[in-house]
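Working notes, structure below.
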Amino acid sequence: MSHKNLTLGEFIIKNQDSFKYSSGELSKLFNSIRLAAKVVNHEVNKAGLVDIIGAAGDTNIQGEDQQKLDVYANEVFINALTKRNIICGLGSEEEDDFITINSQDENHQNKYIILTDPLDGSSNIDVNVSVGTIFSVFRRVTPVGTPVTIEDFLQKGSEQVAAGYIIYGTSTMFVYTTGHGVNGFTLNPALGVFYLSHPDMQFPENGNIYSVNEGNYIHFPQGVKNYIKYCQEEQDDRPYTSRYIGSLVSDFHRNMIKGGIYIYPETSKNPKGKLRLLYECSPMAFIAEQAKGMASDGFTRILDIKPTELHQRVPFICGSKKMVKKAEDFMKNDQ
Ligand code: P6P
């Protein structure tokens, strides 16, 4: 059977033995995320038609204007994940604190927590540019049957049991890993079914695309400035092409397919970097490494960073292995 006939649900069942914990729980977890993705996709695809775009008139803990779809997507994922008796806790970019989920039965046996950026790149919504959802799955570290604590969320990225993203672009794709490679599924909107379209996704070892917001150039560390100049030199396989969508999921996805590097360093406005460790950098780093790419803060592997707070920010360099190593060389030489 062609892999393109394999649905996401069939793929999960086919591969659940490779999931080192209870297979049934993973299937339940992904079924919920898949449902939420379809619901959000339905709204994102018609955002221009209904009065759901534009600022929601509120700001989140990041101090960012909450777009109505941000708020909507957050509610959809919270509902999908909390009503299926699968997880015991949830952290979201749109929620100031983590959410404790009490299961219907008093023996709260759920073992997983989820961290999510329900709609990443949402400032692009009003201009019809692709956006995405990012999710990260951990096993809880505190005793099963007790309410989750912050310690369940502040785990190193290397402890993730699964991570993935949904990209709402020219097509809607569900891309995830459970530690056994990365696979991409494309939604057939007529059927509402995700089909395996990109098996075993891998970053090319090298590439010629660099993604960075050069508007912040004067605030970048000298090592990043030197790397950008290296990308622009007329030499060897350079100059590289600059591509920056302003949506992490979209820039990451293109770089994973074509080869490239994404950089969000510290700037004057964001001295610790802009991207959040737990629900942006850590899941994307897990996916990157499973796709034979790399992800660091310029000096330390992202998956080795021990989080200290729920909405912690870190500088982020991610993509083709040879490009990330070259950028790290410039960072370390400047240090
Ligand atoms: P800037 C979106 O807000 C986001 O978190 C990422 O998706 C994106 O890559 C980045 O921030 C864009 O930030 O400062 O370049 O607009």
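All of the numbers you see were taken from the coordinates with simple rules; none came from a lab. Given the structure is predicted, the values throughout are model-derived calculations rather than measurements. We place every Cβ from the backbone using ideal geometry, glycine too, and count neighbours over all the protein chains shown.
For segment 159-174, 3J(HN,Hα) computed residue by residue from phi via the Karplus equation (6.51, -1.76, 1.60; θ = phi - 60°) reads 8, 4, 9, 6, 7, x, 9, 10, 10, 9, x, 4, 9, 9, 10, 10 Hz, glycine and proline entered as x. The packing ranking of peptides 306-315, 72-81, highest mean first, is 72-81, 306-315, where packing means the average number of other beta carbon atoms within 10 angstrom of each residue.
Which whole-number percent is the relative contact order of segment 209-334 (Cα, under 8 Å, 6+ apart)?
This gives 30 percent for segment 209-334.
Across the chain, the relative contact order, built from alpha-carbon pairs under 8 Å that are at least six residues apart, equals 16 percent. Ordered by the number of other Cβ atoms lying within 10 Å of each residue's own Cβ, fewest first, GLU151, GLU234, GLU280 fall into the sequence GLU234, GLU151, GLU280. Multiplying the residue separation of SER18 and ASP58 by 0.36 nm and subtracting their alpha-carbon distance yields 10.1 nm.
With 35 Å as the cut-off, how large is the P(r) tail for the chain, expressed as percent of Cα-Cα pairs? So the pairs more than 35 Å apart make up 18 percent of the total in the chain. Counted by Cβ distance under 14 Å from GLN335, the other residues give a net charge of -3, where Lys and Arg count +1 and Asp and Glu count -1. Remark on GLY132: its backbone amide H falls under 5 Å from those of ASP120, TYR168, a criterion applied only to residues 5 or more positions apart or on other chains, H modelled at 1.01 Å from N.
Report for segment 209-334 the percent antiparallel among DSSP-assigned beta bridges with both residues inside it, nearest 5. Once the DSSP bridges in segment 209-334 are tallied, antiparallel ones form about 70 percent.
Applied to segment 195-212, the Karplus parametrisation 6.51 cos²θ - 1.76 cosθ + 1.60 on θ = phi - 60° returns per-residue 3J(HN,Hα) values of 10, 5, 10, 10, x, 6, 5, 9, 5, x, 4, 10, x, 9, 10, 10, 10, 7 Hz, with x for Gly and Pro.
Taking every DSSP beta bridge that has both ends in the chain, the antiparallel portion is near 85%. For the peptides 122-129, 171-178, 201-208, the ranking by packing is 171-178, 201-208, 122-129, with the highest mean count of neighbouring Cβ atoms within 10 Å listed first. Treating r as the C-beta distance of ASN79 and SER268 and R0 as 35 Å, the FRET efficiency rounds to 0.35. When you count the other C-beta atoms within 10 angstrom of each residue and take the mean per peptide, 224-230, 86-92 line up highest first as 86-92, 224-230.
Close amide H pairs (under 5 Å, H built 1.01 Å from N) link ALA162 with VAL137, residues at least 5 positions away or on another chain. Annotation: amide H of GLY293 within the under-5 Å range of PHE203, sequence separation 5 or more or interchain, hydrogens built in the peptide plane.
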